[in-house]
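What follows is a single structure, written as structure tokens, with notes after it.
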Amino acid sequence: MSGKDEILYVVMPAYNEEDNIETVIKDWYRVICENTGNRARIVIVNDGSKDHTAQIVTKMIETYSQLILLNKENGGHGSAVLAGYQYALKKGADFVFQTDSDGQTDPQEFKEFWAKRNEYDAIVATRPDRKDGRYRILVENVLCFILRAIFGVKISDSNAPFRLMRASILRKYINRLPSDFFLPNVMLTTYLVYYHENVKFLPISFRPRQGGTNSINWKRIFLIGFRSVTEFTHLRKEM
């Protein structure tokens with residue numbers, strides 16, 4: 001099956017991204033269509049935005065025929081990612097790619113991932129030079145420490161929002177996670193490494209947030225760490 005025949009679903013969660021969403025869609029739409037043809041779909045998972053995110057996407061669908069809006073009640077980034085993954089699998093995706101809608105990732109770097117898609121079951125990004133602030137870097141470091149302590153896996157970047165997965169490998173693990181799981185990408189990365197799946201880690205650039213507000217602070221870092229330990233410990237018992 002050629003790249004033009006394979007069905008790719010791009011999952012992009014969005015919450016109050018009216019400042020970014022139009023530019024992000026235009027940039028990604030062009031790259032995705034150029035590299036994968038007219039069978040690709042870009043799914044914006046609107047996580048109960050209170051601004052004009054949904055209205056902007058709805059208007060853009062009139063022009064961008066491969067764009068889809070999936071509305072859901074607000075449940076956080078994790079639940080939006082999982083909703084997008086489940087939707088893509090239900091619709092018959094061969095590959096699922098996930099990135100965020102805040103403009104921090106570079107669409108041009110998708111090409112290398114897509115070119116290597118048949119060599120691996122999953123290709124996951126790492127961010128060696130993050131530009132999104134010391135708090136978020138600290139959160140990732142805490143998560144990787146927790147993963148090593150609980151699962152015994154050594155991962156340098158578990159939660160990068162830039163990953164291409166075969167539908168078969170995503171389907172293998174996604175139903176192990178509750179629909180409201182806090183950090184699904186972190187756990188999917190952990191499964192891939194823990195079970196020695198054919199996964200490749202590739203570095204990407206990571207720009208400052210292009211709009212909106214950074215919600216990470218010391219209190220939130222503590223809450224993320226506490227909730228992560230609780231949820232990861234429960235899943236570890238099932239492995």
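Comparing Asn38, Leu143, Val153 along the charge dipole axis of the chain, the residue lying farthest to the positive side is Val153, per the Cβ-charge model.
Report, as a whole number in µm² per second, the diffusion coefficient that Stokes-Einstein gives for region 108-189 at 20 °C and 1.002 mPa s using the Kirkwood radius over alpha carbon pairs. Translational D for this selection: 153 µm²/s.
When the Gaussian network model of the chain links Cα atoms closer than 10 Å, the mean-square fluctuations of Asp100, Asp27, Asp157 top out at Asp27. So for the chain: antiparallel DSSP bridges make up what percent, rounded to the nearest 5? In the chain, DSSP labels about 25 percent of beta bridges as antiparallel. For region 1-119, the share of accessible area belonging to carbon and sulfur comes to 45 percent (1.4 Å probe, ligands and nucleic acids excluded).
Solvent-accessible area of His234, all protein chains in place: 110 Å² (probe radius 1.4 Å, heavy atoms, ligands and nucleic acids excluded). Summing Lys and Arg as +1 and Asp and Glu as -1 over all other residues whose Cβ lies under 9 Å from the Cβ of Gln66 gives a net charge of +2.
For Lys111, the lysines whose Cα falls under 26 Å of its own Cα, not counting residues fewer than eight places away in the same chain, are Lys4, Lys26, Lys90, Lys91, Lys131, Lys172, Lys200. The GluC sites (Glu not before Pro) found in region 35-116 that occupy coil by DSSP, while having at most 16 further C-beta atoms within 10 Å, are Glu62, Glu73.
A Gaussian network model of the chain, with springs between Cα atoms under 10 Å, assigns the largest mean-square fluctuation among Gly76, Gly48, Gly152 to Gly152.
In the context of the full set of protein chains, the chain has a per residue accessible area of 47 Å² (1.4 Å probe).
Once Rg and the Kirkwood radius are both taken over the C-alpha atoms of region 29-95, their ratio Rg/Rh works out to 0.98. Remark on the chain: hydrodynamic radius 18.0 angstrom, per the Kirkwood mean of 1/r across alpha carbon pairs.
The values are calculated or read from the model by the stated rules, or taken from the named source; none is laboratory data. Computed from a prediction, not measured in an experiment: that's the story for all the values here. Here Cβ is always computed from backbone atoms with ideal geometry, including for glycine, and neighbour counts include all displayed protein chains. Surface areas here come from the heavy atoms of the whole protein model, side chains and all, with no ligands, DNA or RNA. Shrake-Rupley method; radii C 1.70, N 1.55, O 1.52, S 1.80 Å.
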